[in-house]
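Notes for the one structure printed next.
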Amino acid sequence: MNLSARDRDRLKGVHPALVQVVEGAFERFDQAFSEAPSFRVFVIEGVRTVERQAEYVRTGASRTMRSRHLTGHAVDLGIQSGGAARWELPLFRKLWLECMQPVAVQLGIQVEWGGVAFGSRFVDGPHFQLSHAHYSA
């Protein structure tokens, strides 16, 4: 699966290393989700404004004003089936284990997944970010 023009637009300003991982994950998606051919992956959001982040904190969708979305070091990915968004954590775990993580390892780019990166405090399945090792690179 390739990134759409809309996906590429939503990746504008995202760190090139993270964009590489996302591109590779998209390429792996169809094979990883071959048992569910109606599924597709898409970019929800890359760089985020301070105002949008404040709204997410206010509504409880985020817990920090220090989000890596503000600096282009994070991306949220979504999964659709039949045009409807799917939010089940096992789908995002599969996206992480079979798409994002293998590409990141292959490229030598350290990426964290929001499904495990924040422990039990806050689970954020769609969230992927560069680790601190790549944060300033």
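Just one of the listed residues (GLU98, GLU88, GLU112) is modelled with pLDDT of 90 or more and loosely packed, with under 13 Cβ neighbours inside 10 Å, namely GLU88.
Evaluated against (1) touching an Asp or Glu at 6+ places or on another chain (Cβ under 9 Å); (2) without any contact (Cβ under 8 Å) to a residue 60 or more places away in the chain; (3) surrounded by fewer than 18 Cβ atoms within 10 Å (Cβ to Cβ), ILE79 falls short on exactly one condition, (3). Selection of segment 3-25 for residues being farther than 18 Å from GLY108 by Cα and either free of Cβ contacts under 8 Å to residues at least 40 places away in the same chain or touching a Gly at 6+ places or on another chain (Cβ under 9 Å) (or both) yields SER4, ALA5, ARG6, ASP7, ARG8, ASP9, ARG10, LEU11, LYS12, GLY13. Restricting ASP76, ASP9 to those that are of a type in the set (Asp, Glu) and under 11 Å from the mean Cα position of the chain (by Cα) reduces the list to ASP76. Exactly one residue out of ARG58, ARG66 is surrounded by fewer than 15 Cβ atoms within 10 Å (Cβ to Cβ), over 13 Å from the mean Cα position of the chain (by Cα), of a type in the set (Lys, Arg) and within 19 Å of LEU130 (Cβ to Cβ): that is ARG66.
Against the definition (among the hydroxyl-bearing types (Ser, Thr, Tyr) and surrounded by 11 or more Cβ atoms within 10 Å (Cβ to Cβ)), how does SER34 come out, yes or no? It is false that SER34 is among the hydroxyl-bearing types (Ser, Thr, Tyr) and surrounded by 11 or more Cβ atoms within 10 Å (Cβ to Cβ).
Of all positions in segment 8-25, none carries a residue that is within 19 Å of HIS127 (Cβ to Cβ), touching a Phe, Trp or Tyr at 6+ places or on another chain (Cβ under 8 Å) and assigned to a loop (DSSP other than H, G, I, E, B).
Being modelled with pLDDT under 95, hydroxyl-bearing (Ser, Thr, Tyr), more than 17 Å from LEU97 (Cα to Cα) and assigned to a loop (DSSP other than H, G, I, E, B) is a property that SER62 has. Say we look at segment 66-117 and pick out the residues that are assigned to a loop (DSSP other than H, G, I, E, B) and in contact with a Phe, Trp or Tyr (Cβ under 6 Å, 6 or more places away or on another chain); which of these is nearest to ARG8 (Cα to Cα)? Filtering first and then ranking leaves HIS73.
The values are calculated or read from the model by the stated rules, or taken from the named source; none is laboratory data. Predicted model, so just to flag it, every value in this text is computed and none were measured. Counting neighbours? That spans all protein chains shown, and the Cβs are built from the backbone with ideal geometry, glycine included.
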